[in-house]
Amino acid sequence: MKVGVVGLGTMGAGIAQLCVEAGIDTVGREVTADLGAKGRDRIVHFLTRKVEKGQIESFDIDRLTVTTELAGLAECDVVVEAIVEELGPKRELFAELERICRPDTVLATNTSALSVTEIAAATSSPERVVGMHFFNPAPLMPLVEIVRAELTSDAAFDTAYALGETLGKHPIRCHDTPGFVVNRVLIPLLNDCVRVLDEARVGAEDLDAGMRHGAGWPMGPCELLDLVGIDVHVHASDALYDKLREPRMAAPPRLVAMANAGLLGRKSGRGFYTY
Ligand SMILES: NC(=O)c1ccc[n+]([C@@H]2O[C@H](COP(=O)([O-])OP(=O)(O)OC[C@H]3O[C@@H](n4cnc5c(N)ncnc54)[C@H](O)[C@@H]3O)[C@@H](O)[C@H]2O)c1
């Protein structure tokens with residue numbers, strides 16, 4: 001089996017790492033050699049740490065080839081796309097992948113907020129396009145949502161599901177609707193939590209303690225938002241609100257103000273908490 005990963009950023013590098021760990025021949029494609037080398041270095045760094053911690057015995061980095069050429073993906077059985085979250089570039093890429101890859105290559109997108117069906121429609125073989133929505137950080141989060149677009153074939157869907165299992169993930173099956181499953185539930189829920197901060201005049205620490213100790217959440221909503229990134233959450237909320245127009249989906253003004261002020265959570269050193 002050979003898997004291609006397009007884009008070796010946050011998600012793509014994580015997905016390629018999972019492939020290497022599973023002993024799969026992997027081709028990573030980036031736009032520049034420098035970005036490709038950075039992605040490869042990250043993968044080596046995290047796999048080396050896993051060896052040092054005794055979580056894995058060894059890894060074979062020769063399984064990974066990094067290229068800037070799309071043609072390098074020609075022989076892949078599955079290609080997972082993890083480039084920028086914009087419809088235009090994704091549609092352009094899928095049209096090119098269709099041209100370059102074998103007719104039976106399954107083309108998967110890791111999009112969180114775009115329509116898999118709209119991405120598939122950029123090709124003349126939409127039956128082989130499927131969503132594989134990994135969660136961040138991909139090497140650690142067990143879930144992958146396998147998303148069936150309008151015209152996805154059973155064969156492509158089953159191949160994506162099986163790949164998810166091979167990568168050690170827990171795949172779930174769903175259809176191509178805004179937010180798929182987890183974000184559709186979690187985004188409005190986190191927005192509710194933030195609104196409750198003001199409504200109930202409860203502090204972030206108390207709200208987090210409330211949800212941990214009263215609802216069994218492993219992490220409080222404010223801690224979770226700081227981890228995800230306030231800007232990332234606002235962007236995801238906006239995308240969901242654009243599609244569903246339900247007020248609960250819209251980012252609460254408090255979060256928009258935090259994002260505008262650069263209070264992005266852990267990555268900026270300050271969000272609901274200071275790090
Ligand atoms: N970050 C998350 O929490 C998360 C979670 C789930 C899904 N996603 C989705 O995964 C995708 C990637 O997100 P990310 O956070 O890894 O972004 P990122 O910006 O970290 O990485 C994107 C990478 O793609 C590269 N790229 C852009 N166009 C390319 C092309 N045509 N060919 C090859 N490489 C190209 C960029 O150089 C960059 O390195 C997006 O669709 C995003 O919505 C992100």
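The values are calculated or read from the model by the stated rules, or taken from the named source; none is laboratory data. Please read these numbers as outputs of a predicted model, since none were measured by experiment. Every residue, glycine among them, receives a Cβ derived from its backbone with ideal geometry; neighbour counts consider all protein chains shown. Accessible surface is based on the protein model in full, side chains and every heavy atom, while ligands, DNA and RNA are left aside. Shrake-Rupley method; radii C 1.70, N 1.55, O 1.52, S 1.80 Å.
Going through region 23-72 one residue at a time, which ones are part of a loop (DSSP other than H, G, I, E, B), closer than 24 Å to Thr166 by Cβ, open to solvent by 40 Å² or more (accessible area, probe 1.4 Å) and touching a residue at least 40 places away in the same chain (Cβ under 8 Å)?
Asp60
Take the residues in region 75-103 that are in a loop (DSSP other than H, G, I, E, B) and in contact with a Lys or Arg (Cβ under 7 Å, 6 or more places away or on another chain); name whichever of them is nearest to the ligand (Cβ to nearest atom).
For region 75-103, the residue satisfying everything is Ile83.
Residue by residue, here is whether (1) modelled with pLDDT of 95 or more; (2) open to solvent by 60 Å² or more (accessible area, probe 1.4 Å); (3) not assigned by TED's automatic domain parsing to the domain that holds Pro139 holds:
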residue	(1), (2), (3)
Gly164	yes, no, no
Asp192	yes, no, yes
Glu199	yes, yes, yes
Met211	yes, no, yes
Pro218	yes, yes, yes
Pro253	yes, yes, yes
Thr274	yes, yes, yes
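Could you say which residue among Val51, Val20, Val31, Val44 is within 12 Å of the ligand (Cβ to nearest atom) and at pLDDT 95 or above?
Val31
Given the structure, is Ala156 open to solvent by 10 Å² or more (accessible area, probe 1.4 Å) and among the hydrophobic types (A, V, I, L, M, F, W, C)?
no
Whether any residue in region 125-138 is hydroxyl-bearing (Ser, Thr, Tyr), open to solvent by less than 50 Å² (accessible area, probe 1.4 Å) and touching a strand residue (DSSP E or B) at 6+ places or on another chain (Cβ under 8 Å) is what I want to check.
no
When you look at Val106, is it open to solvent by less than 40 Å² (accessible area, probe 1.4 Å), within 16 Å of the ligand (Cβ to nearest atom) and of a type in the set (Val, Ile, Thr), yes or no?
Spelling it out, it is not the case that Val106 is open to solvent by less than 40 Å² (accessible area, probe 1.4 Å), within 16 Å of the ligand (Cβ to nearest atom) and of a type in the set (Val, Ile, Thr).
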